[in-house]
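Student: First, the structure itself, so that you have it in front of you.
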Amino acid sequence: MTETTIRRPVLPESDFDGYEFRIISRGRNTGNTHWYIFDTLYIEEKAGDVVNEAVAMRNQLIEDTYNVKLGMVETTSHQSVARTSILAGSQDFDVYGDSISSSSALAAEGLMVDLKSIPYLGLEETWWDQRACEQLSIGDNLYTTVSDFNLMDKHGTWVTFFTKNMIDKFSLKNPYELVRDGTWTLAEMLEMCKTVSFEVDGDGVLTEADSYGTVGEGWNINALMVGTGTLMFKKNADDLPELNLDGERVINCFDVASKILSDKTLTFFIDRVKGTYNDAWTDCFGGMMADDRALFYITGMNRVILLRGLDTSFGIIPQPKYEENQDGYSCVCSYGNTNSISVPIINTDMERTGIMLESLSFESSLTTLPAYIETSVKTKYARDEESAEMLDLIFASRAFDLGLIFNWGSSGLYTSMLNSGAETFASKIASSSASYIAAMQKTVDLFEGIA
């Protein structure tokens with residue numbers, strides 16, 4: 001039997017003399033406990049949870065190895081608190097661990113360090129997300145990224161749940177086979193949605209009591225567009241972003257995606273039941289799935305855990321492609337909910353920070369990440385072996401869209417145009433491209449000035 005040799009980071013032996021290494025992030029009292037950072041600290045009220053216990057084990061190992069204490073600065077106004085602290089020169093935290101959009105905004109203000117300049121960070125190693133490092137850099141500078149230390153970025157990866165009973169009931173094609181064959185496309189999704197969408201109760205009013213192809217929110221148009229392989233801005237040979245919204249293919253992608261999500265007979269959005277349920281995301285949509293009235297639920301990976309009590313079988317697949325010959329699937333990471341790693345310019349000990357982040361990222365690849373993906377999501381919450389297979393594909397296909405993250409005049413483009421049609425969308429792109437490019441260039445200029 002051949003032993004597998006684990007590749008480990010090369011780090012110096014260090015004693016940090018009881019230093020408290022602090023990470024600032026949204027706290028547990030933000031009003032949305034689905035999204036607070038549960039990957040940083042052991043949470044006592046979750047004792048017995050496999051991920052939480054892995055966090056505790058990893059933290060203890062790091063603390064014992066480096067004679068350090070891990071701490072989290074919890075706040076409900078993380079971005080403003082961090083900005084105030086940095087501008088005041090206060091040493092309140094070592095790492096900024098909030099959302100990618102928040103980290104990127106602070107970086108554009110010149111408040112974050114290029115991670116590539118920090119000693120001991122092996123950003124090319126497998127415990128750092130290589131797609132994130134590639135897609136989030138600008139001009140070969142990287143101010144925020146994700147690693148195996150982060151779990152909320154996995155939680156914030158957008159997927160498509162499907163109700164298995166409805167596949168059988170309506171004699172639809174097997175979504176797993178479509179994905180494997182590379183034939184899971186927007187056109188397939190549209191036809192399947194049409195088959196299952198109809199009024200159930202006969203009252204002449206479309207409500208959550210009726211049957212729909214998809215449920216979710218308007219933001220899902222971003223997920224479908226990224227699923228087509230369309231990033232608002234792509235990188236050139238100099239690692240600088242260029243507008244990627246002109247061209248017939250983008251318009252065609254938007255045309256099909258919007259036909260699915262803008263049609264209220266096919267799609268039911270959360271805003272139609274706001275205030276009616278304690279948690280409409282789970283209670284309403286979960287109930288519709290359990291009653292075979294919601295075929296697809298396009299949402300974040302966190303729902304696989306929040307739907308644990310759902311009394312029906314569901315599968316998990318990526319967002320569809322646009323055409324079959326597209327180069328792979330693409331799953332967007334929520335720029336508002338995906339946490340990331342950034343280091344403030346006031347950090348006075350980059351060596352210690354580099355050692356800590358590299359150690360946390362590596363040790364997480366052996367502890368918290370497998371606890372989350374292999375034990376929790378795949379084994380405990382996923383309903384079948386095929387979902388586990390799909391999760392590997394999904395996590396290998398994640399995308400980080402700079403246009404969405406930096407809001408280069410286009411963050412709300414898809415959602416604002418959802419009900420407008422392809423022709424109006426094309427006209428909007430033609431008339432607004434200059435402003436999108438100008439907004440992007442302003443950010444690039446700021447980074448070039450920082451560098």
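Student: Return the only residue of ASP201, ASP168, ASP181 being modelled with pLDDT under 95 and out of contact with any strand residue (DSSP E or B) (no Cβ under 7 Å at 6 or more places or on another chain).
Tutor: Being modelled with pLDDT under 95 and out of contact with any strand residue (DSSP E or B) (no Cβ under 7 Å at 6 or more places or on another chain) holds for just one of ASP201, ASP168, ASP181, which is ASP201.
Student: What number of residues in the range 63-80 are in a helix (DSSP H, G or I) and crowded, with 18+ Cβ neighbours inside 10 Å?
Tutor: The number of residues fulfilling the criteria is 3.
Student: Kindly establish whether ILE394 is under 22 Å from ILE118 (Cβ atoms) and either in contact with a His (Cβ under 8 Å, 6 or more places away or on another chain) or assigned to a helix (DSSP H, G or I) (or both).
Tutor: No, not satisfied.
Student: A further question follows. Would you point out which residue out of VAL68, VAL95 is under 17 Å from TYR143 (Cβ atoms), hydrophobic (A, V, I, L, M, F, W, C) and modelled with pLDDT of 95 or more?
Tutor: Only one candidate qualifies: VAL95.
Student: Inside the range 334-361, can you point out the residues that are open to solvent by 10 Å² or more (accessible area, probe 1.4 Å) and of a type outside the set (Gly, Ala, Ser)?
Tutor: TYR335, ASN337, ILE345, ILE346, ASN347, THR348, ASP349, MET350, GLU351, ARG352
Student: Moving on to the next point. So is LEU151 open to solvent by less than 30 Å² (accessible area, probe 1.4 Å), under 30 Å from ALA294 (Cα atoms) and in contact with a helix residue (DSSP H, G or I) (Cβ under 6 Å, 6 or more places away or on another chain) or not?
Tutor: Taking the combined requirement at face value, the residue satisfies it.
Student: So, one more: What is the residue count in the range 95-133 for residues that are touching a residue at least 24 places away in the same chain (Cβ under 8 Å), open to solvent by 10 Å² or more (accessible area, probe 1.4 Å) and not in a loop (DSSP other than H, G, I, E, B)?
Tutor: 6
Student: Give me the residue from the range 281-306 that is of a type in the set (Ser, Thr, Tyr) and open to solvent by less than 10 Å² (accessible area, probe 1.4 Å) and, out of that set, farthest from LEU186 (Cα to Cα).
Tutor: THR299
Student: Another question, if that's okay. Can you name the condition, by its number, that ASP92 falls short on among (1) over 19 Å from MET350 (Cβ atoms); (2) open to solvent by 10 Å² or more (accessible area, probe 1.4 Å)?
Tutor: Answer for ASP92: the failing condition is (1).
Student: Say whether the condition of being open to solvent by 10 Å² or more (accessible area, probe 1.4 Å), at pLDDT below 95, within 19 Å of ASP129 (Cβ to Cβ) and not in a helix (DSSP H, G or I) is met by at least one residue in the range 372-388.
Tutor: no
The values are calculated or read from the model by the stated rules, or taken from the named source; none is laboratory data. Because the structure is predicted, anything quoted here is derived from the model rather than measured. Virtual Cβ from ideal backbone geometry, glycine too; neighbours counted across all protein chains shown. Please note that ligands, DNA and RNA were not included when accessible areas were found on the heavy atoms of the full protein model with its side chains. Shrake-Rupley method; radii C 1.70, N 1.55, O 1.52, S 1.80 Å.
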